[in-house]
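Quick one: the structure is below, and I'll ask about it shortly.
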Amino acid sequence: MTGGGIIKVKVHSDHVGNLALKLETSSTGGADWILQQPITTLNEWVELSFDPNLPAFEGAQQPAAGNIYEKVVLFFDFGTAFPSDQTYYLDDIIVEQAITCSPILDFETPATTTNFQYFGSSLDGMLSSNIANPNATGINTSATVLKFTKPANSQTWAGAASNPFPATAVDVTTGGLIKVKVHSDHVGNLALKLEASSTGGADWILQQPITTLNECVELSFDPNLPAFEGAQQPAAGHIYEKVVLFFDFGTAFPSDQTYYVDDLVVCSSGGTPTADVTFQVNMNDYAGTFTTVNVSGEFNEWSGDSNPLSDADGDGVYSATLNLPVGLYEYKFTLDNWAAQENLAITATCVQVTVEDANIFVNRKLALSGDEELAPVCFNSCYDCGESVKITYNLGLLDSETPDPGGVYLAGGAEFGAPNIRFRMYDNDMDGVFSVTIERETGYGGYYTFTNGPCGDFSCKEIIGGLPCANPQNFNDRFLSPVQQDTVVATCFETCATASDCSSINTIDLAGSDSWVEVVPTLTSNDVRILFHELVQSNASVRIMDITGKTVWQQQWRISPGQLQLQVADWQPGMYFIAVENGSRRATGRFVKM
């Protein structure tokens, strides 16, 4: 009863009496505890409840809550003697945890209120409104609710995301249920998505139907279930900062639709459930010698000998099953009480990277939400032996580019995201080529790009729009085809070169009047001028992309040295990228529309 709760037991008796239930042999130091309940229903099954938060009626007279007990003692008709034999029946002794609900959003106070920003419709970028409850009846009589609008002919995936994030994060580290009240005038659905996990959880989305019309109903979303898209992992075991709502997900309407939302809560029991997890490591490719293999982690205080693994069938795969409280853990495999250990790469997919006082710790990560048998992995790898490839990215910089003091990064795509410490590239031998190596499953491929600097908004991303190696459908990122063996990818920043030696490539930045072309001003609200100071051919090409990589303006024509003036007063505010080509020369730049 470490989490409190209620002890329940079903009994059957043919006469009025009582049952006293006693708990003894506490493994957590709790005093013996006893409580009594009357039996007043005859010749049928009844369920009795015993509250461990109450003090015992004898002995130390302390509550049992907060402790674990090994021994159960039963006293039917405690304190009563009978002249004849008595028979009773008993079944289903359980501990039913008390359910508590933690509010995330109820739109009544500043601490429990946020806005939702629309996307996928004509309301893009606008914020939802919080209004007086238009139907304060039934299960929802609160004063204020969120009004959600889905305009006519919205995208089927149109929705709204919390902006700013709720003050209280959605914490499902111990599972539970996420509940939300909704109101709709038609049959439909709500898809709820959790993003921006502070604990490394994958984005998670689940959908529930709405079948009750014109009154408030409460929908329940179970974070222990896998998401229906993306990584298809449960949310349980993680904390999420961002909430996204999709009403009538997958459906478009010819007219505007209105919904109301209230009381987003996380409900869970007070106790922490446990689960069995099986660890497996393949030692067949390990070149050294060893006697014992252990799993060491937060669950055993990083002990080097507490949890040994065994190889019963001699196939080189060592395993052990542990029963652990559900939650998040870091761990690694160790040999002979820390005589050797795994040294996983910071770029690995299965690791948790922690930075403490300039020290970087890289360990395996486990989000345990239920019984799980982990797939075998090769020692010091995220994959089984023989099932992975290593991909090395080598990047050279043009003479016109100076490495940013904050670093050069592999970024972009669904894999790498905004530039971050895990995929920073280094020039360790000082030859001007920056490198990073990743290990991925055989057959891996995907989009990527490079940044010269740690810019979270991709403002320092290479500009390759219009070049053959850029994919305009994916923010003008590069694409790596599926890889079947160890591979080296070599190129130059902002070019489609197939080698990292950039000395023969002539690309400059649209920086100043001493170059053959420049852009002025770089901060504008009305117009932008591209000045051609010198042309080697009369044929020039100009392409302008927005921050997403989408081409917003493009033209190729014969031109004499002079200038091109663009009116951008009606363009959306934000950063724009420019790529200019003239003969064998190429220049890149950017400007900001205020």
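Determine, yes or no, whether E70 is farther than 30 Å from Q155 by Cα, surrounded by fewer than 13 Cβ atoms within 10 Å (Cβ to Cβ) and touching a Ser or Thr at 6+ places or on another chain (Cβ under 9 Å).
Yes; evaluated as a whole, the condition is true for this residue.
Here is a follow-up. Restricting to region 148-163, name every residue that is closer than 17 Å to L190 by Cβ and either of a type in the set (A, V, I, L, M) or assigned to a loop (DSSP other than H, G, I, E, B) (or both).
Answer for region 148-163, where residues must be closer than 17 Å to L190 by Cβ and either of a type in the set (A, V, I, L, M) or assigned to a loop (DSSP other than H, G, I, E, B) (or both): S154, Q155, T156, W157, A158, A160, A161.
Just the residues that are of a type in the set (D, E, K, R) and at pLDDT below 90, please, taken from region 60-97.
E96
Is it the case that C502 is surrounded by fewer than 17 Cβ atoms within 10 Å (Cβ to Cβ), within 18 Å of N452 (Cα to Cα) and at pLDDT 80 or above?
no
Can you give me the ranges of the strands (runs of 3 or more DSSP E) entirely in region 290-378 with at least 2 residues that are free of Cβ contacts under 8 Å to residues at least 24 places away in the same chain and not hydroxyl-bearing (S, T, Y)?
359-368
Condition first: at pLDDT 95 or above and closer than 15 Å to N380 by Cα. Now tell me which residues in region 317-338 satisfy that.
V317, Y318, Y331, K332, F333, T334, L335, W338
So which residues in region 539-565 are surrounded by 13 or more Cβ atoms within 10 Å (Cβ to Cβ), at pLDDT below 75 and within 30 Å of the chain's Cα centre (by Cα)?
Of everything in region 539-565, those that are surrounded by 13 or more Cβ atoms within 10 Å (Cβ to Cβ), at pLDDT below 75 and within 30 Å of the chain's Cα centre (by Cα) turn out to be I547, G549.
What residue, of A152, A111, is touching an Asp or Glu at 6+ places or on another chain (Cβ under 6 Å) and in the same structural domain as P223 (by TED's automatic domain parsing)?
The unique qualifying residue is A152.
Just for region 209-220: of the residues that are crowded, with 17+ Cβ neighbours inside 10 Å and in a strand (DSSP E or B), which one is nearest to the chain's Cα centre (by Cα)?
This residue is L219.
Identify, from the list P103, P166, the residue that is of a type outside the set (D, E), in a strand (DSSP E or B) and surrounded by 14 or more Cβ atoms within 10 Å (Cβ to Cβ).
The unique qualifying residue is P103.
So, of the residues in region 423-464 that are in contact with a strand residue (DSSP E or B) (Cβ under 7 Å, 6 or more places away or on another chain) and among the polar types (S, T, N, Q), which turns out to be nearest to V592 (Cα to Cα)?
S459
State whether one or more residues within region 180-197 are closer than 27 Å to A275 by Cα, surrounded by fewer than 16 Cβ atoms within 10 Å (Cβ to Cβ), assigned by TED's automatic domain parsing to the domain that holds L264 and touching a residue at least 40 places away in the same chain (Cβ under 8 Å).
no
Starting from residues that are within 20 Å of C267 (Cα to Cα) and out of contact with any Pro (no Cβ under 9 Å at 6 or more places or on another chain), keep the ones in region 221-239 and report whichever is surrounded by the most Cβ atoms within 10 Å (Cβ to Cβ).
Checking each candidate, the answer is F221.
Another question, then. Among the residues of region 222-239, are any in a strand (DSSP E or B) and of a type in the set (F, W, Y)?
no
Just checking, does region 165-180 include any residue being farther than 30 Å from Q97 by Cα and hydroxyl-bearing (S, T, Y)?
no
Could you tell me which of the residues N420, N474 is under 20 Å from G200 (Cβ atoms) and touching a strand residue (DSSP E or B) at 6+ places or on another chain (Cβ under 9 Å)?
The conditions single out N420.
The values are calculated or read from the model by the stated rules, or taken from the named source; none is laboratory data. Keep in mind that this is a model prediction, so the values were computed, not measured. Counting neighbours? That spans all protein chains shown, and the Cβs are built from the backbone with ideal geometry, glycine included.
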